Every structure is written in structure tokens, then in C-alpha cells.
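Quick notes on the structure that follows.
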Amino acid sequence: FEWYKYSCAFMQDNEFDEQVTAASVQYYQQNLAEIQRAFESVVINPQQQPTRIFMAGDSLLRQVFISVACNAYSLNAVEQSEVQWREEWPCPEKLTTKCVFTGGQHSGFDAASVRFTNGMEIHFVPHRGFAYSDMSKGEPDVLERMKWQIDNLGNKIGFGTKTALRPSGPMTHLVYNVGAHFTLMESRNMLNSFVSNIAMPLMGSKSEHRPKIVYVITPTAHFNTPDGQYIRKDRMDDERSKCVERVSYNPRAELEKRILKAGVNVDVLLDYDDLELGALHVQRGDCMHYCMPGAADLVAARLLESF
């Protein structure tokens, strides 16, 4: 499940990199008791009713999926898995000597699935729902397909056809995140569409078997910009590309919290609470993704607890 570019221990080649790795590992160890407790109680203990989770988001939510899979694997709790590793995966910018996986295992994947020994299963599909190396084979937008299902099947949604493993039954949880690849206006439109077309019809359903809706707040970016956000590529010079340790607010999180309300239009709103975790990012011009293990593991544990 691991991606080499998120493993700061693998990527480090100087003293600064070693400090970043140490800080991320220390954060993980400080929260290890909570992480282990969540994983042991959810992925090991027998379930009365199987839990089947569908995760749809961008690379930030995919990090949470990777964390769930890796921590469960360390507990020998994985019964079956399938990862759609790309045959070709581009090297991240600002990466030279450490770019050793340009395809195949540990490079990058689109969809992936994991089934645990207690029957629980999690399926990750990116927003566009594409599969393998051919994006044209996937769904144009996962939400569009879900909207069609709700409109035509009576407030019911399914996994679609692009999961890495075939789900063993109906969806019990939908985990969604808009992500960081859109402007704030585009994100607002996507959130409003998610609420009106997907979340509210499901929340208003009288069925006891409707999927529980969990929205994961977009983690904080810590670029050296006024609000920590990535700006246009032509304006991201070396100074702006450095990660700062703290930012005063996360505009994407604030937008999501204004629109989404736990118990109203989603069941659970899960926050990273990471304004002061800028030192834990991958660095090398990436102040959005966190080193792994690290911040994503605690969020993964709290996600499991919400199930």
C-alpha cells in the first residue's frame, strides 16, 4: 500500500530531512495509544454486521486510506487486498535522486480495496473514478453516478464498477472529501452539489440501511503564502514553496465547516485539527501531503472510530 514519496524516512538525504522524519515519527508515537486502540477495536474485533466503506476523494483522502490499510496490515488483520498500481507514475517535482519508482508497486495507484479478517472492507476510488492506467475507462465523476442512482433508484447509492475488489454487499458508509485541486469557488459549488444531490436525500431517507455519511475535512496546507495555500504555479518560487510550521487558518476547512453540519447534512464531520503541523509535511515543495507514518494515521484512527 505504501507510496515511496510519502515515506520521509525513505526519502531523506540530509540533516533537514532527518529532522522532518523524526518530527513525524514522534507525532505518530505520541498518538500511538489512540491509534492502536481504534484499529484493534474496529478491524480485529468481530462485527455483528459487516461494514463496507466507500471512500471517494483526491490524494489527500487516499493518504488516509493508505494509513488504514498499512496499520491493519501491521496487525495481521488484512484478509485480502487489491491495489491498482499504475504502470507509469510521474516523479514529483523537485525530486531527483530519490525518484526510483516510476511505475508499479510503491509508485502510485488509482483505486484500491482492502478486506479485513473480521469482514470489514474499504474501497477507495478517486473523484473521477478512473481505473488502472486508462482514465477514459473510469466514471467522469463519482458524484454524478451517485446522483443518477438516487434520482432513479429511490435514494440508493452503490459502489459503481471501478473498485479494485468487488464489494461483498451494499455500502454501509460513504466517506467523501472534495480535496485541494479546486479553487475555493469551485469547491463551494462541489460541496453544495454534494449536499443537495447526495447527502440530503440520503439523510432524509427513512431507510434504516442508508449509508452513513462521513466527510473528512481537507487538511491544512502550510505553504509560505498569506493563507498557506498553493497559488499559481508560476508564482510558487522557492521561498513560497517552503513549509511553515503554523498558519492562522485553513480556508478550505472553514468553507467546508460553513456548509457541512454534523447531524444535519452529514452524519460525521472529521477534522484534521492541524494548523500547527506544518513541520510534518513531505516538504520538497509539497506542503499539503504529510509524511507517513504521521498525521494521517491519527485521522485514520478517528475515521475508524466513527464507524
Over the chain, with a Gaussian network built from C-alpha contacts below 10 Å, which listed residue (GLY285, GLY179, GLY154) shows the highest mean-square fluctuation? GLY154
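Once you list every other residue whose beta carbon is under 11 Å from the beta carbon of VAL178, what net charge do they have if Lys and Arg are +1 and Asp and Glu are -1?
Charge balance near VAL178 sits at -1.
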Taking protein heavy atoms only, a 1.4 Å probe, and rounding to whole percent, the accessible area of segment 137-260 owed to carbon and sulfur comes out at 50 percent
Sparsely packed GluC sites (Glu not before Pro) within segment 191-281, loop by DSSP, other Cβ within 10 Å at most 11: GLU208, GLU239
Solvent-accessible area per residue for segment 1-40 (1.4 angstrom probe, square angstrom): 55 Å²
Distance-filtered residues of segment 226-240 - backbone nitrogen under 19 Å, label point 7 angstrom along LEU184 Cα→Cβ: 226-233, 235-236
Selected from ASP234, ASP286, ASP267 as most flexible by GNM, with the chain as the system and alpha-carbon contacts under 10 Å: ASP234
Assuming 0.36 nm per residue, please report the length gained on full extension of the stretch ARG166 to GLU34 beyond their Cα-Cα distance. 44.4 nm
Between [x] 8; [y] 13; [z] 39, which entry matches percent of Cα pairs over 36 Å apart as derived from the coordinates of this structure? [y]
Under a 10 Å cutoff between Cα atoms, tell me which one of PHE124, PHE16, PHE39 has the largest fluctuation in the Gaussian network model of the chain. PHE16
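The values are calculated or read from the model by the stated rules, or taken from the named source; none is laboratory data. Quick caveat: nothing in here was measured; it's all calculated off a predicted structure. Backbone-built Cβ (ideal geometry, glycine too); neighbour counts: all protein chains shown. For the accessible areas, the whole protein counts, side chains as well, though only heavy atoms, and no ligand, DNA or RNA atoms are used. Shrake-Rupley method; radii C 1.70, N 1.55, O 1.52, S 1.80 Å.
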